[in-house]
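So the structure is just underneath, and the comments pick up after that.
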Amino acid sequence: MKIHEYQARELLVQAGIPVPPSVVIDRPTDAGSAFDQVTLGMGKPLAVVKAQVHAGGRGKAGFVKLVKTRAEAEQAAQFMLTNRMVSVQTGPEGLAVRKLLVGCAVDIAHEFYLAITTDRATRRNVLIASREGGVDIETVAHERPEAILKQALHPTLGLQPFAARKVAFALGFKGKQVAQASAIMIALARLFESKDCSLAEINPLVLTPPSDKHPDGQVVAVDAKFNFDDNGLFRHPELEAMADATEENPYEVRAHQAGLSYIALEGNIGCLVNGAGLAMATMDIIKLHGGQPANFLDVGGSASEAAVTEAFRIILSDHAVKGVLVNIFGGIMKCDIIAQGIINAAKEVGFKVPLVVRLEGTNVEAGRKLLEGARSMIPTLQAGSDLADAAKKVCAAVN
């Protein structure tokens, strides 16, 4: 699960990490008062208006604007709330913007990158840091991997103070900056583990220029991104309450409500499979025979007939789908339940695209008999003798 930047800032504040003042609005007419609120007391009023969407590339897309007056804030808000944001991460259709963050701008002496995620190779959580903060951190990691620092977290004790200080010194912090940066790293690590995160990222983490109040400068989190492990959300109702269904793929939301594991892809062959590993293998063999999978859909081992029917509704609702491959190896999941789900879907929405079904395992003969009796209802139905045969048939039918 993902959350918006303004929600991520709330989590940072709760963890004791310094964040510039900000206000969330959803109407252009509120931008002026928000500008006044966040710039109150500043000698030189300057704010930033940022679109709140679950996608990156906002700045390059024109959906992050520095504004110097109420009028500029209102103009930026009007543009963002009435246009879809199109970036490298959204696709050509873009995303609708429903909320904006109006934040106090910060003088920046240097930008850093800070994140915690799981290193699958070492099976440990790891702190990732770089002096190259801001945009295009992926490019930095690819072109200059030596600019990326990594510090593994202790499996039971988390990020230790000595390890945080080591990273702070390596990033070039000096004097009181070291204590500030170390405290932020430790707080972020605790937040990562306590909230079952899969990613906790601050980008940029900034060092402000020296001032009378902060002679050594101040280390502040300006932007943040959090991803959470869906399997741990039952422990965090406060996080579930932050979910924004309008930012999610509607098919994925429907599948989640039905207890199905579904991820939309960019191909044209819909897949219905039981078991994540078998689903991955099914997508691979579709690619092998020249096709493009339109989704990952795992009905699991205990899906009901109603859930299987809903799975077909979801697949067939995607207008990009030009063919469907059903690949079931029945263990706990019974082949006759899948067959009845196919028949139910045929009755409700109809199969106007090629349908190739490969069934093996528990109650396979009962499932095949059900489908054989429904051939007049499903004229596009073909049987696959094995997975390779099924993949060849659906790819040929679609192409």
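The values are calculated or read from the model by the stated rules, or taken from the named source; none is laboratory data. If you're wondering where the values come from, they're calculated on a predicted model, not measured in any experiment. Neighbour counts are summed over all protein chains in view; Cβ atoms, including those assigned to glycine, are modelled from backbone coordinates with ideal geometry. Surface accessibility is based on the protein's heavy atoms, side chains included, excluding ligands, DNA and RNA. Shrake-Rupley method; radii C 1.70, N 1.55, O 1.52, S 1.80 Å.
Residues in the stretch 384-399 that are more than 16 Å from VAL353 (Cβ to Cβ), without any contact (Cβ under 8 Å) to a residue 60 or more places away in the chain and in contact with a strand residue (DSSP E or B) (Cβ under 7 Å, 6 or more places away or on another chain): ASP386 alone. Would you confirm whether or not the stretch 257-274 contains a residue that is part of a helix (DSSP H, G or I), under 19 Å from the mean Cα position of the chain (by Cα) and at pLDDT below 90? Taking every residue of the stretch 257-274 in turn, at least one turns out to be part of a helix (DSSP H, G or I), under 19 Å from the mean Cα position of the chain (by Cα) and at pLDDT below 90.
Within the stretch 236-249, work out how many residues are in a helix (DSSP H, G or I) and open to solvent by 50 Å² or more (accessible area, probe 1.4 Å).
We begin by selecting, within the stretch 236-249, every residue in a helix (DSSP H, G or I); these are 237-240, 245-247.
Those still in the list that are open to solvent by 50 Å² or more (accessible area, probe 1.4 Å) too: 237-238, 240, 245-246.
Residues in the stretch 236-249 being in a helix (DSSP H, G or I) and open to solvent by 50 Å² or more (accessible area, probe 1.4 Å): 5 in total.
Among the residues of the stretch 254-265, the ones that are open to solvent by less than 60 Å² (accessible area, probe 1.4 Å) and over 18 Å from SER304 (Cα atoms) come to 1 in all.
Look at (1) modelled with pLDDT under 95; (2) in contact with a Cys (Cβ under 9 Å, 6 or more places away or on another chain); (3) hydrophobic (A, V, I, L, M, F, W, C) and you find that VAL88 fails only one, number (2). Tell me, please, whether a residue that is open to solvent by less than 60 Å² (accessible area, probe 1.4 Å), touching a strand residue (DSSP E or B) at 6+ places or on another chain (Cβ under 8 Å) and modelled with pLDDT under 90 can be found in the stretch 279-296. Checked the stretch 279-296: no residue is open to solvent by less than 60 Å² (accessible area, probe 1.4 Å), touching a strand residue (DSSP E or B) at 6+ places or on another chain (Cβ under 8 Å) and modelled with pLDDT under 90. Scanning the stretch 60-98 for residues that are open to solvent by less than 70 Å² (accessible area, probe 1.4 Å), over 13 Å from LEU46 (Cβ atoms) and of a type outside the set (A, V, I, L, M) gives GLY62, PHE63, GLU74, ASN83, SER87, THR90, GLY91, GLY94. Inspection of the stretch 26-41 identifies at least one residue that is among the small types (Gly, Ala, Ser), over 25 Å from the mean Cα position of the chain (by Cα) and within 25 Å of ALA243 (Cα to Cα). Quick one: in the stretch 316-336, which of the residues that are surrounded by fewer than 24 Cβ atoms within 10 Å (Cβ to Cβ) and β-branched (Val, Ile, Thr) is modelled with the highest pLDDT? For the stretch 316-336, the residue satisfying everything is VAL321.
The condition (being free of Cβ contacts under 8 Å to residues at least 40 places away in the same chain and closer than 19 Å to GLN382 by Cβ) is satisfied by just one residue among PHE351, PHE329, PHE296, PHE312: PHE351.
Can we say ARG123 is open to solvent by 70 Å² or more (accessible area, probe 1.4 Å), at pLDDT below 95, of a type in the set (Lys, Arg) and more than 30 Å from LYS213 (Cα to Cα)?
Values: open to solvent by 70 Å² or more (accessible area, probe 1.4 Å): yes; at pLDDT below 95: yes; of a type in the set (Lys, Arg): yes; more than 30 Å from LYS213 (Cα to Cα): yes.
So ARG123 passes the test.
Tell me yes or no: at least one residue of the stretch 6-15 is crowded, with 18+ Cβ neighbours inside 10 Å and touching a Ser or Thr at 6+ places or on another chain (Cβ under 6 Å). No: the stretch 6-15 contains no residue that is crowded, with 18+ Cβ neighbours inside 10 Å and touching a Ser or Thr at 6+ places or on another chain (Cβ under 6 Å).
Here's a check for you: in the stretch 363-394, which residue that is in contact with a Lys or Arg (Cβ under 9 Å, 6 or more places away or on another chain) and loosely packed, with under 15 Cβ neighbours inside 10 Å is farthest from ALA281 (Cα to Cα)? The qualifying residue farthest from ALA281 (Cα to Cα) is MET377. Checked against the criterion of being open to solvent by less than 20 Å² (accessible area, probe 1.4 Å), touching a strand residue (DSSP E or B) at 6+ places or on another chain (Cβ under 9 Å) and assigned to a strand (DSSP E or B), the stretch 142-156 contains not a single residue that satisfies it.
A quick yes/no check of all residues on (1) without any contact (Cβ under 8 Å) to a residue 60 or more places away in the chain; (2) in contact with a Lys or Arg (Cβ under 8 Å, 6 or more places away or on another chain); (3) under 17 Å from GLY323 (Cα atoms):
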| residue | (1), (2), (3) |
| --- | --- |
| ASN268 | no, yes, yes |
| GLY277 | yes, no, no |
| MET283 | yes, no, yes |
| ALA303 | yes, no, no |
| ALA306 | yes, no, no |
